[in-house]
1. If we keep just the residues of segment C:316-350 that are under 16 Å from residue C:489 (Cβ atoms) and of a type in the set (D, E, K, R), which is surrounded by the most Cβ atoms within 10 Å (Cβ to Cβ)?
2. Anything in segment A:23-52 that is within 13 Å of chain B (Cβ to nearest Cβ), without any contact (Cβ under 8 Å) to a residue 60 or more places away in the chain and not in a helix (DSSP H, G or I)? List them, or say none.
3. Within the set of pairs 6 or more residues apart or between chains, which connect a residue that is crowded, with 21+ Cβ neighbours inside 10 Å inside segment C:643-663 to a residue that is polar (S, T, N, Q) and part of a helix (DSSP H, G or I) with Cβ atoms less than 6 Å apart?
4. If you scan segment B:68-101, which residues turn out to be surrounded by 15 or more Cβ atoms within 10 Å (Cβ to Cβ) and part of a loop (DSSP other than H, G, I, E, B)?
5. Being over 29 Å from residue C:184 (Cα atoms), among the small types (Gly, Ala, Ser) and not in a loop (DSSP other than H, G, I, E, B) narrows it down to one of C:94, C:4, C:28, so name that one.
6. Being assigned to a loop (DSSP other than H, G, I, E, B), within 14 Å of chain B (Cβ to nearest Cβ) and closer than 28 Å to residue C:667 by Cβ is the filter here; which residues of segment C:124-151 pass it?
7. Are any of the residues in segment C:222-229 closer than 20 Å to residue C:250 by Cα, of a type outside the set (Val, Ile, Thr) and surrounded by 23 or more Cβ atoms within 10 Å (Cβ to Cβ)?
Amino acid sequence: MSEPWWISVIKAGVIINLVLLTFAYTTLLERKLLARMQLRFGPNRAGPYGLLQPIADLIKLVRKESFFPTAAIDTPYILAPVVSAFTALAAFAVIPFGNGWNIWRYHVNGVVANVPISLILVFALGSIGIYGFIVGGWASESKYSLLGSMRTCAQLVSYEVSLALSVLGVVITAGSLSLVDIVHNQAHSLWYVVPQAVGFLVFLISGVAETSRAPFDLPEAEQELVAGYHTEYSGMRWGLFQMAEYVNMITLSGLAITLFLGGWHFPFAHGVDFLGPLWFFLKLLVLLFVFIWLRATLPRLRYDQLMSFGWKILLPVATLNALVTALVVVWA
Amino acid sequence: MSPQPVDTLKGFGVTFKQIFKKPLTMQYPEYKRPVYPRFRGRHRLWRHQNGLEKCVGCSLCAAACPADCIRVVAAENTPENRVSPGERYARIYEINMSRCIFCGYCELACPFDAITLGNDYELAEYDRDDQIYTKDMLLAEPIKKVPVADAELYDTPIPYYRTYS
Amino acid sequence: MSAAELVTVKIDERSVQVPKGTGLVETAAAAGVEIPVFCYEPRLGDAIGACRMCLVEVEGMPPKPQAACTLTAQDGMVVKTARTSEMARVGQNATLEFILVNHPLDCPVCDKGGECPLQDLTFRYGPGTTRMTFEKRTFEKPIPISPAISLDRERCILCYRCTRFSESVSEDNQLVAVNRGAQTMIATFEDEPYTGAFTGNVTELCPVGALLPTQPRFEIRPWEFQAVPSVCGLCPVGCNVDVDQREGKVKRILSRNHPEVDEGWLCDKGRFGFSHLYAEDRITEPLRRVRRRGLEEISWEDALEDAERLLREADGRVAVALSGSETTEEAYALAKLVREGLGAHTAMLPEEVGGGLDAFRVPLSAIRDAELIVVLGDDPVVERAPIVDLWLRKARRAGAEIVEIGPAGDVQTSPGTTARACRRLKTGELGSRLRTSERAILIWSGSGAGGGSHLAALAADLGFADKPGCGAFFLPETANGRGVAEAWAAASDAEGPEPEPLGLLIVSGDEAAANPNVRALAERAERVLAITMFHSLAAGWADLVLPGTSYLERDGTYVNLEGRVQRLRRAAIPPAPDELAWIAQLAARFELELSPYPSLVFAELSERIFGGVTYEDLGEEARLPERVPLAAPPTASPDEPVPPKATAGTLQLLRYRPLFSGAAVERVPELQFQRPAPEIELSAKDARRLGVKRGEPVNVRSNGTSVELRATINKRLKGGVARIAEDHARNLHPTVEVSK
């Protein structure tokens, strides 16, 4: 069941646009939800209920002066946000959002690229994305940026280990590295969130840390680092960094849904699976809500607390989870 | 500090409940909160009841101003052109609103109650040059007025300069 | 004076040693203790103790507060001021309360506010409230006692500083206190305007806002202007001034008090003459003469092009008419451009100046300490260098003998014979007294001095070179004539022939533009380039006019009549660039290296003529350089031709340039009342002969011109001589006929 290359291209285009649209309105969702949790309205001036706020922000960023510090090193400085944004978007290529449809005489897959090792691909792309942050901060040739990027790098790298280990349980249970297969397998059994609850928790926590969201948002701690690695960026270059962060968040939520929450399946009933993208989207919204809820409630972790938590608690738990799963699978 | 999982989860509950409460934001500009009667806003130059300006151009306000934003050039009153009671008046009186910190020292320094800080705070302009307020602008009634809270309610005495000529 | 004998005085528990006879106020200042004063001013003579502000308690004297200003330091004195003595504190507090009883509540509208000693002392020593519940005494106010000074009688605290100045410094006795008691007020006789050369000083003396200058009325608050230390450039004395400028414009001029040059006094011309900077006919853009259209304004690029063209076309036949009021740096720059760049070496100065008297150099304050002073010359000292007149009066009050030799002096001579009188002084009774005196001063106040060479010859003959207390002064006409002449000489050593026919005449400065000799030369020149400030002076006959700047708008140095190099500072923003700036640009077109910065030009110049002194060395209070040792007996330059004596029926005309004349004064409205009235001074003998009484109009005729003037009688004037101010004499010949 292969599809013509041009359908893949169209699909890729559609997916990218949808992801970017989601990103734009995630910013609005975050602002309004955060505001409501803090007993205030969010943006409600640009358009009815602030619905045109992301458009206004976009126009503002595009019109803003993207200053170029004279001390900055040209090529890495310009390419850094591009790398981060690119990898964030590219990771979405392997996340399945539907079963596949037959439209006219063509078959459309439910995923942009069906790669047997898609899980590893996602993690690989995530690692490359970290390069964007590090290089961006370092190429800015400013002490705040350098310190910010060093901290970011350390944080992201540390929590990436736990992230990878936490999905080991799922891989062992599903027996495959392909995301499509993992989703398929969840149709027949309980969603993996039930047997792999610990793994899910570790994945979620590491995910929050991976995307530099509260309470792990030290790279953006304004009081300490001015603005971390994106101090010397403004205008659309900074917009690209923000996009990378939010799209990372969306990708990670997508990954969590795929690995633990049954992907595009509707719980218990299977008849409505042709509406896969819709259920995927709704689950995505729930997870985004959780992300925002975390941000509104929890204070920021201190750097040493963050590192000790990642290495001393999260990593052993993830390892243990993988070990126990392996033992259970082997003996059962 | 030991971890408090139950309390943390209770915190989540608090933030969740807040979503459904009514926000406390007052929507400006539909609703402008009334300012206190002694609020220090845009300056005003006053006249006596017979039309003469109170300001004699003594420049004490310029001396007192910590931000150095008042420019006073005085001139002599002539019989044909009598602007203030007494010998001199302020020919040029300019306040640079972008430098003013609205501290009220000029009001304290003025021996004639000629300059006081009124209640208007809507002073945004598109051009920095428009921020230099000249004497006519300061003498005139403000164009954009803001609501002021009831003086009785706040037990604010009516200032002397408003009661005598 | 004998060597100072030190005495120990105890003030407020502090011991201090001062020379015996020092006033108690200065003694306290030496100990770091302030004794507040109002009427005490040592420059006005003896202390009178009128204001009772300086009350202190002195042990051993009668048990009541004493006026410290009237006491002098004695050995073993114990003085307690308001800081430690309750009696003194209460006394000073009460004094201020009494002063304020009738003082009007004028502080916001009074110009003195902010720099008022009454405000400051009341804050420090006075009462915080008033007990005066009655009506204060009022006067009509303000009264202009002259167009330049306004008097507010209500504010006067009767310290009598102004009357004492009028009585014992300028000695004109115009300001007096009339009435008595609480109604005492300051007035002039029959409310005539307070006229004189030094009237402005009372505005600086007055401790309250009673006497204030009218020029900066209501525009000066001390927190709004900056004081720029500079030097006055209107006469060769070079009094040190503080120029108060606000927003780039000069508002007021105050004295900076150089104790050796001016002792804190300023003449009215220097004090009030600055408003010529803002005259209506001030040139701000270069002007070029266009045939049939007159003058048109051009840009500076075009002007410099034109100037270069004029300079090249003249082909070395260039002459420069200097006015003597350029700064030394400017004159040097111009000289370098013309002499090195064009090879032309002819320059005109209004009079000869030189360093002939450097061997007899003394500061002006030496006049005060002299015992015998001889003033030679046709012109009154007050019209040439007014502050010297104040020094002479001070010397006379201290007991010196002053002998004036001139047409209106103690020894009467004919006009133009001063050189002869100078030679006669070598012998004779006066000469022998000069020879034996240790503190004698010679002053030449007139024309024909030959750069002071006659005086130098006399002084060398009298042996002044070996006596540090003896000196000689020559009062030039121009403010910086010496500096300009030396700068011109320093620019090059080459000599050149007189340019014939004259290709280009460069007229530098307003004084040169107003000089009729320069005007006559300009008629003969093919082209004229004028550097002047005012339209009406050179605009009629110049081909290219470049705007000039005034002494208040330039950085540079002036050399005064003592030979002291003093620094000018730019106080106001000129409407046109400084001369050095465009001379440097012009010089670049002739491949000359000339810096547009006065300090660098001065550094270059100082090597050659000032002995390597730097701008920093000059400082704020310039020092007088040491005397130059007398190498060879100086030779006097040849005498100027003596004007013909009057024949029967005619009178010899003596012209003099009054102090209040010149392009600057003409443009100051407040000084117009000081300009000389159209009068002719006759001697008593001639007035009797002609049957003319004081005030009668007479007709003064000479070949071709005649003019109507009012007659006044000067009893000291020599018979056969009539004196008329330069403004009114105009084209009259040296001998005139006077008839009713």
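1. C:326
2. Of everything in segment A:23-52, those that are within 13 Å of chain B (Cβ to nearest Cβ), without any contact (Cβ under 8 Å) to a residue 60 or more places away in the chain and not in a helix (DSSP H, G or I) turn out to be A:39, A:40, A:41, A:42, A:43, A:44, A:45.
3. Taking only residues 6 or more apart or on different chains, the pairs are C:660/C:674.
4. Across segment B:68-101, the qualifying residues are B:69, B:77, B:83, B:84, B:86, B:87, B:97, B:100.
5. C:28
6. Passing the criteria: only C:142.
7. To start, the set of residues in segment C:222-229 that are closer than 20 Å to residue C:250 by Cα comprises C:222-229.
Restricting the remaining residues to those that are of a type outside the set (Val, Ile, Thr) gives C:222-227, C:229.
Narrowing further to those that are surrounded by 23 or more Cβ atoms within 10 Å (Cβ to Cβ): none.
No, segment C:222-229 contains no residue that is closer than 20 Å to residue C:250 by Cα, of a type outside the set (Val, Ile, Thr) and surrounded by 23 or more Cβ atoms within 10 Å (Cβ to Cβ).
Every residue, every condition in (1) acidic (Asp, Glu); (2) more than 14 Å from every other protein chain (Cβ to nearest Cβ); (3) part of a helix (DSSP H, G or I), yes or no:
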{"position": "B:13", "(1), (2), (3)": "no, no, yes"}
{"position": "B:21", "(1), (2), (3)": "no, no, no"}
{"position": "B:28", "(1), (2), (3)": "no, no, no"}
{"position": "B:31", "(1), (2), (3)": "no, no, no"}
{"position": "B:51", "(1), (2), (3)": "no, yes, no"}
{"position": "B:57", "(1), (2), (3)": "no, no, no"}
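The values are calculated or read from the model by the stated rules, or taken from the named source; none is laboratory data. This structure is a prediction, so every number in the text was calculated from the model and none was measured. A quick note on method: Cβ atoms are made from the backbone with ideal geometry, for glycine too, and the neighbour counts reach across all protein chains shown.
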